[in-house]
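Inspection log for the structure reproduced underneath, given as structure tokens.
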Amino acid sequence: MTWALDTNTDLVGGIRVAEKIRLAVTAANQLHAGSPSGQLTVSIGVAALYEDATSSQTIEQLVHEADQMLYEAKALGRNMTMPQEASALAGMRARYLPWIAGSPDAGKSS
């Protein structure tokens, strides 16, 4: 498990960075006998802390949230980027679902 922390990136930026990582791993086309697809893939959980947040969320809680999103991505089939749930970001998964799920149209504007 690897963690990347960036203090200058919001959730959308974190998703973009995570997708670049995921797509680079996929593009490497490395064989992995233990993977259902037979190739090395990566699932990434993304969480963000906002300065204007009213809660007293700690870094540990933020890492825990990203970790939970990682396990959710694995449970949904792996090889995807999964952002945190947040009421302020309602609909984000629907908006980014093709991108998050690793669709061939990932990152294309609609």
Footprinting exposure proxy for Glu19, Glu60, Glu72 (fewest neighbouring C-beta atoms within 10 Å first): Glu60, Glu72, Glu19
Likely footprinting exposure, Arg16, Arg22, Arg78, fewest C-beta neighbours within 10 Å first: Arg78, Arg16, Arg22
Built amide H within the under 5 Å cut-off of Ile44, gap 5+: Met80, Thr81, Met82
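We did not get these values from a lab; they are worked out from the coordinates using the rules stated. The structure displayed is predicted, hence computed values, not measured ones. Ideal geometry is used to build each Cβ from the backbone, glycine not excepted, and the neighbour counts take in all protein chains shown.
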